[in-house]
Amino acid sequence: MAGQLPKNLSHGEKPIHLLGGNRTQKIKSIALVEDIISAIKESRHNPVLPLWGSSLSKEWYPYLKGLTDKLIFWLDYDKYPEAIKQSSKARLYGFGTYVIRTDRDPKELTDEEIRSELQKAL
């Protein structure tokens, strides 16, 4: 890892930035991804929230509970163990969860591949 820069840097609180969906009624599910590029691509098919990393802040749970009862964790391939851990934690807060694992990061997939993976989760 020497010489590699992190994918993103953050300081302070991470913003909640939900893409897609209708905020006037309960959303069927929200996908959680690591970055904004994955979020933009996935928001064409399902409401999505970039985590700006690989973990969901506990302060976000009440906000998300007001929007949906189901969270779909779709982190990058190398973060699958973290996705499982985050999914288990979300279930403690009363969410139904699903974890998607693909060989490529969500931002590298086609719209059809994204749609197919999300359909399995719904």
Residue (of Ile30, Trp52, Trp74) at the positive-pole extreme of segment 15-96, dipole from beta-carbon charges: Ile30
Total charge dipole magnitude, the chain, about the Cα centre, Cβ charges on Lys, Arg, Asp, Glu only, Debye to nearest 20: 540
Highest-fluctuation residue, Trp60, Trp52, Trp74 considered, GNM on the chain with Cα pairs under 10 Å: Trp60
Distance violations [Cα-Cα > 18 Å] among Lys70/Lys107; Lys58/Lys107; Lys28/Lys65: Lys70/Lys107; Lys58/Lys107
Relative contact order of segment 48-122, defined on C-alpha pairs under 8 angstrom at six or more residues apart (%): 31
Rounded D (µm²/s) - the chain, Kirkwood Rh over Cα pairs, Stokes-Einstein at 10 °C, 1.306 mPa s: 109
Net length gained if the chain between Ser88 and Thr110 were fully extended (0.36 nm per residue, minus Cα distance): 5.1 nm
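The numbers here are math on the coordinates, done by the rules we state, and not lab data. Since the model is a prediction, treat every value here as computed from it, not as a measurement. Backbone-built Cβ (ideal geometry, glycine too); neighbour counts: all protein chains shown.
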